[in-house]
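Have a look at the structure below before the remarks.
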Amino acid sequence: MQALVEQITARIAAGEYPAGERLPAERQLAARLSVARNTLREALDIMQRRGLIKRRAGAGSYVAADIDAPALQQVEAMAGPVHLHVMRGILEPEMARLAILNMSPAIIAQLAGIIDKMNGEKHEAASFARLEDAFHVKLAEGTGNPLLQGCYQFVVRARQQPFNAAMLERQMTPARIDRLQRGYKTLFSALAARDIGEATAQVQAFLLEEQQAFMQED
């Protein structure tokens, strides 16, 4: 039950269900989370007692409007490229390891679809960055850890802040996109083969290249 509460809470923290907005109907939410409706109701009861949601008779459940979203947005705005690099260095190797241990064949197929999009056309910096974000968000989902998913969604939103996005666009040259396309194919092959060593080595290679790009900015 606690895991289900954490999963819904992580989705709220990630912005999937914004403060003040209505949650999906119980039938839809239960199907989305692959749980029985009575199990979902128990989780929502716990969340209501904790002040995370409010329930209105005949109108459903709503995310509490007094969750401190402005404070989260301020942290996102304050996170610069180096902060993001540090957080990615903490999260992404562990995401690869846990995903290999826990991800389903469906997640692997979805990652394959993202790889196909990465390699299917010539990308501009912004479009390739969106595919990178989609890949890592799906990888975080594959870990089966809702708190890690929420943390990584937070990283993605910080990465999309104007200052960080502008630096990323400068660094994302056509030559680097070509290297990253090859690197992501290598990473996916390691993930699909459940090769933790190769997958984490490739993630570290991405992070090292990003660090070198920062040094060139200086």
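The values are calculated or read from the model by the stated rules, or taken from the named source; none is laboratory data. Computed from a predicted structure; not experimentally measured. Reconstructed Cβ throughout: ideal geometry from the backbone, glycine too, with neighbour counts over all protein chains shown. Accessible surface areas use protein heavy atoms only, side chains included; no ligands, DNA or RNA. Shrake-Rupley method; radii C 1.70, N 1.55, O 1.52, S 1.80 Å.
Results for (1) hydrophobic (A, V, I, L, M, F, W, C); (2) more than 16 Å from residue 17 (Cβ to Cβ); (3) outside any strand (DSSP E or B); (4) touching a residue at least 60 places away in the same chain (Cβ under 8 Å), shown as yes or no for each residue.
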site	(1), (2), (3), (4)
32	no, no, yes, no
38	no, yes, yes, no
45	no, yes, yes, no
48	no, no, yes, no
58	no, yes, yes, no
62	no, no, no, no
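Out of (1) out of contact with any Asp or Glu (no Cβ under 6 Å at 6 or more places or on another chain); (2) open to solvent by less than 70 Å² (accessible area, probe 1.4 Å); (3) in a helix (DSSP H, G or I), the odd one out for residue 144 is which?
For residue 144, the failing item is (3).
Any idea how many residues of segment 91-114 are open to solvent by 30 Å² or more (accessible area, probe 1.4 Å) and in a loop (DSSP other than H, G, I, E, B)?
1
Inspect segment 13-27 for any residue being under 22 Å from the mean Cα position of the chain (by Cα), in a helix (DSSP H, G or I), surrounded by 14 or more Cβ atoms within 10 Å (Cβ to Cβ) and modelled with pLDDT under 90 and give the result as yes or no.
Scanning segment 13-27 turns up at least one residue that is under 22 Å from the mean Cα position of the chain (by Cα), in a helix (DSSP H, G or I), surrounded by 14 or more Cβ atoms within 10 Å (Cβ to Cβ) and modelled with pLDDT under 90.
If a residue has to be in a helix (DSSP H, G or I) and either open to solvent by less than 10 Å² (accessible area, probe 1.4 Å) or touching a residue at least 24 places away in the same chain (Cβ under 8 Å) (or both) to count, how many in segment 119-141 make the cut?
Qualifying residue count, segment 119-141: 13.
Condition first: open to solvent by less than 60 Å² (accessible area, probe 1.4 Å) and either closer than 18 Å to residue 214 by Cβ or of a type in the set (S, T, N, Q) (or both). Now tell me which residues in segment 154-168 satisfy that.
Result: 155, 158, 159, 161, 164, 165, 166, 167, 168.
Condition test on residue 67, is it modelled with pLDDT of 85 or more and either assigned to a helix (DSSP H, G or I) or within 21 Å of residue 13 (Cα to Cα) (or both)?
Taking the combined requirement at face value, the residue does not satisfy it.
What are the residues in segment 133-150 that are under 19 Å from residue 86 (Cα atoms) and modelled with pLDDT under 85, if any?
Scanning segment 133-150 gives 147, 150.
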